[in-house]
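Student: Sending over a structure as structure tokens; questions will come in a sec.
The values are calculated or read from the model by the stated rules, or taken from the named source; none is laboratory data. Note that the coordinates shown come from a computational prediction; the quantities given were computed from them, not determined experimentally. Cβ sites come from the backbone with ideal geometry, for glycine too, and all protein chains shown count toward neighbours.
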Amino acid sequence: NPTNDVDLLAKRLRGLGFTIIKKKNLNRTSMINELRSFYGHIDSDTIAIIYFSGHGVHSTIDNKNYLIPIGGFESLLNEADLGNEAISDGKLLASTSGAKFSILLLDACRSNDFAKIKGDKGLGQPQSGLNNDYVISYATEVGKTAKDGYKNSPYAKALAELLTQPYSKIGRA
């Protein structure tokens, strides 16, 4: 589903006039390189949106959320490896630093199979030190896992539907 979800959201956002940088199935090194490149496109007039679809886990060691790149589970020996093998949601959000407004959409934690990792199932509360305004939207509530769906996740389908509405307001819950 994640590659279908990326295609769906990219199409909707492109239709709203956003410039799309679409990347799929990235390993950790590629994710970091793409985030650095993305940061290079940011200025004070930018509304930066990052959509991630895939696996995520909340670490009980450092209380951070981690997104698992392709091949990431194979490299994880224990929860302490998350910082070295996965990408924190804080790192994604930091790559939008300097933007007028940042939106992080996390369609993460798609299964309960975190046997190699003894962290919580699902992502926790967001951690950020950004000075600009931002919104983080999770596919599920804290400590829960997201539903997979068929072809697209329910979260991606709901976002895509919302993005077809003539006017949507983003605000704080």
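Student: Looking at ASP107, ASP148, can you tell me which residue is crowded, with 22+ Cβ neighbours inside 10 Å and modelled with pLDDT of 65 or more?
Tutor: Sole residue among the options that is crowded, with 22+ Cβ neighbours inside 10 Å and modelled with pLDDT of 65 or more: ASP107.
Residues are listed down the side, and each one gets a yes or a no for (1) touching a Phe, Trp or Tyr at 6+ places or on another chain (Cβ under 7 Å); (2) over 27 Å from LYS151 (Cβ atoms):
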{"residue": "LEU13", "(1), (2)": "no, no"}
{"residue": "ILE47", "(1), (2)": "yes, yes"}
{"residue": "ILE70", "(1), (2)": "no, no"}
{"residue": "ASN78", "(1), (2)": "no, yes"}
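Student: Specify which of the listed residues (GLY90, GLY98, GLY40) is at positive phi and either surrounded by fewer than 13 Cβ atoms within 10 Å (Cβ to Cβ) or touching a residue at least 24 places away in the same chain (Cβ under 8 Å) (or both). Even if it seems obvious, please write down each step before you answer.
Tutor: Numbers: GLY90 fails: at positive phi; GLY40 fails: at positive phi.
It is GLY98.
Student: Please enumerate the residues belonging to segment 2-11 that are buried (at least 18 other Cβ atoms within 10 Å of the Cβ) and in contact with a helix residue (DSSP H, G or I) (Cβ under 8 Å, 6 or more places away or on another chain). I'd like the intermediate steps shown before the answer.
Tutor: Keep residues of segment 2-11 that are buried (at least 18 other Cβ atoms within 10 Å of the Cβ), which gives 2, 5-6, 8-9.
Selection gives ASP5, LEU8, LEU9.
Student: Based on this model, can you work out whether GLY54 counts as at positive phi and either in contact with a Pro (Cβ under 7 Å, 6 or more places away or on another chain) or among the hydroxyl-bearing types (Ser, Thr, Tyr) (or both)?
Tutor: Judged against the criteria, GLY54 is a match.
Student: Go through ASN33, ASN27, ASN63 for me and flag whichever is out of contact with any His (no Cβ under 7 Å at 6 or more places or on another chain) and touching a residue at least 60 places away in the same chain (Cβ under 8 Å).
Tutor: Selected residue: ASN63, the only one of ASN33, ASN27, ASN63 that is out of contact with any His (no Cβ under 7 Å at 6 or more places or on another chain) and touching a residue at least 60 places away in the same chain (Cβ under 8 Å).
Student: Answer yes if at least one residue in segment 75-87 is hydrophobic (A, V, I, L, M, F, W, C), surrounded by 19 or more Cβ atoms within 10 Å (Cβ to Cβ), touching a residue at least 24 places away in the same chain (Cβ under 8 Å) and assigned to a helix (DSSP H, G or I), and no otherwise.
Tutor: yes
Student: Output the residues belonging to segment 1-59 that are of a type in the set (S, T, N, Q) and not in a loop (DSSP other than H, G, I, E, B). Outline the logic, then answer.
Tutor: Narrowing segment 1-59 to residues of a type in the set (S, T, N, Q): 1, 3-4, 19, 25, 27, 29-30, 33, 37, 44, 46, 53, 59.
Matches in segment 1-59: THR3, ASN4, THR29, SER30, ASN33, SER37, SER53.
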